[in-house]
């Protein structure tokens, strides 16, 4: 067994997630399940961050040994795969919504789930093969665009664009933890002393505050993307 070089991106191992369930195998029943292992690893990541998750820590939390854990997950990449596949939970139900409302909900749900577990963003943005739950999110989003005059590649690109927007905002928020209202308050004294150097920035913050439009980067981006797609759909429909 080898470990991936941390300096070399490697496609995450999702093979364990797609392996067929063993049928009628003799011998003792496996002590652990992939779901249980993933839950233990996720609990560590939620409490201490992704860097705290190691095969040793997960094994200890399950009351077993690291070598025993390798029977279920041959490599660390497999552990990342089972964690990511459970991190966002089940795909949302979008039945009865128009395609644009459905995609807005899809993106908002992805953002909310990722914000609850910011460590999941790093795993999601690494090269990896989607597992069953992640693929269900694809299926959910693609179902919303079924019937639109878009190619398969365009529909996939649309989901990638929306997901990238949501996850990048999660990464940004968790890195700075500074909302626009707090940022504006912190800059008040700077603007008071140097307003002539940053007139557009000062005006934008002031206008956003009056219109109560601060901290709406997610909604603004989603609305603009979907408006652009709606225009393309109308153009092709015509």
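Listing for the model above:
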quantity: Order of 65, 129 - criterion: other Cβ atoms within 10 Å of each residue's Cβ, fewest first; calculated: 65, 129
quantity: Förster-model FRET efficiency, 22 Å R0, residue 136 and residue 112, C-beta, rounded to 0.05; calculated: 0.85
quantity: Area projected by the alpha carbon convex hull of region 15-87, averaged over all directions, nm²; calculated: 4.9
quantity: 82, 16 arranged by Cβ crowding within 10 Å, fewest neighbours leading; calculated: 16, 82
quantity: Likely footprinting exposure, 236, 76, fewest C-beta neighbours within 10 Å first; calculated: 236, 76
quantity: Gain on full stretching of the segment that runs from residue 70 to residue 233 - 0.36 nm per residue minus C-alpha separation; calculated: 53.7 nm
quantity: Alpha-carbon centroids, region 75-115 and region 217-234: separation in whole Å; calculated: 20
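Each reported figure results from applying straightforward, stated rules to the coordinates on display, with no laboratory input. Please read these numbers as outputs of a predicted model, since none were measured by experiment. Here Cβ is always computed from backbone atoms with ideal geometry, including for glycine, and neighbour counts include all displayed protein chains.
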